[in-house]
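First comes the structure, then the notes that go with it.
The values are calculated or read from the model by the stated rules, or taken from the named source; none is laboratory data. Predicted model, so just to flag it, every value in this text is computed and none were measured. Positions of Cβ are generated from backbone atoms using ideal geometry, with glycine treated the same way; all protein chains shown enter the neighbour counts.
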Amino acid sequence: MLLALVALPWLQGFQPDAVADHPTPAVAQELAEWRPASEDCVASAYGGLSLDSPSGRVLASFSQGVFVLDKDRHLVAQAPGFSCKGSADELVALATGDAWIGTPIVALAATTGGHAESVTWLSLYRVDEGGRLEPVFTGAVERHEGRQTRTGTVTIVPGGLIYRAPEGTTSVWIWDGNHYAQQGTFPVA
């Protein structure tokens, strides 16, 4: 899906079912049933992102969190939102799809910080047996400091992923059945 490459350029090898990158205030209003939006958070003004599928919906708001609903709008799982840190706080993109581990994955990119210094984080989630939306990997994929921007990547491979941090360090992560576990790091040459 071409939209995934545009919305989540740091995530490679992921097979998306759906992607959203245009926030709407209606999402924050819908999520208020479970958790109110932080009025002190600049990202709350944008609302949130949503994806619809035959099996249900995935909704995300910066301060309210990530929610998975079934087709009857019952809450299946949720994860907390982000701490508001500055004027650049925002959700960048939300996607669902296959990461070659035998369970559907929710991918969420969010930026934290201000306009002079900010970091974009990529988090991968799965619904666990307890009904929690569990983060199985989180890493910085873009770092802005003044006029300098450094980018990283997360490359999904069968049974794991390869993470290159914005600073250049590369690490290998293996899926252990519950989350991605770091196996080794290769320094910048």
- State which residue is farthest from residue 78 (Cα to Cα) when the search covers only the range 166-178 and only residues that are surrounded by fewer than 19 Cβ atoms within 10 Å (Cβ to Cβ) and hydrophobic (A, V, I, L, M, F, W, C). 172
- Message: Name the single residue that is farthest from residue 84 (Cα to Cα) among those in the range 21-44 being among the small types (Gly, Ala, Ser), without any contact (Cβ under 8 Å) to a residue 40 or more places away in the chain and in a loop (DSSP other than H, G, I, E, B).
- Response: 32
- Search the range 1-35 for residues being farther than 20 Å from residue 124 by Cβ and of a type in the set (D, E, K, R), and hand back the single one that is surrounded by the most Cβ atoms within 10 Å (Cβ to Cβ). 30
- Message: I'd like to know if the range 6-19 contains one or more residues that are part of a strand (DSSP E or B), of a type in the set (S, T, N, Q) and farther than 24 Å from residue 144 by Cβ.
- Response: yes
- Item | Subset tally (residues that are surrounded by fewer than 18 Cβ atoms within 10 Å (Cβ to Cβ) and within 23 Å of residue 169 (Cα to Cα)) for the range 134-158 | 12
- Could you tell me whether the range 161-173 includes any residue that is aromatic (Phe, Trp, Tyr), farther than 20 Å from residue 8 by Cα and at pLDDT 95 or above? no
- The lone exception for residue 63 - which of (1) within 23 Å of residue 45 (Cβ to Cβ); (2) small (Gly, Ala, Ser); (3) surrounded by 22 or more Cβ atoms within 10 Å (Cβ to Cβ); (4) within 11 Å of the chain's Cα centre (by Cα) it fails: (4)
- Query: Just to be sure, is residue 38 modelled with pLDDT of 95 or more, hydroxyl-bearing (Ser, Thr, Tyr) and crowded, with 17+ Cβ neighbours inside 10 Å?
  - Reply: no
- Item | Any hit, the range 60-78, residues being in a strand (DSSP E or B), touching a Phe, Trp or Tyr at 6+ places or on another chain (Cβ under 6 Å) and within 28 Å of residue 176 (Cβ to Cβ) | yes
- Message: Looking for something modelled with pLDDT under 95, outside any loop (DSSP other than H, G, I, E, B) and over 16 Å from the mean Cα position of the chain (by Cα) - is there at least one such residue anywhere in the range 92-100?
- Response: no
- Task: Within the range 101-133, work out how many residues are at pLDDT below 95 and either touching a helix residue (DSSP H, G or I) at 6+ places or on another chain (Cβ under 7 Å) or surrounded by fewer than 16 Cβ atoms within 10 Å (Cβ to Cβ) (or both).
- Result: 10
- Query: In the range 143-184, what residues are touching a residue at least 60 places away in the same chain (Cβ under 8 Å) and part of a loop (DSSP other than H, G, I, E, B)?
  - Reply: 152
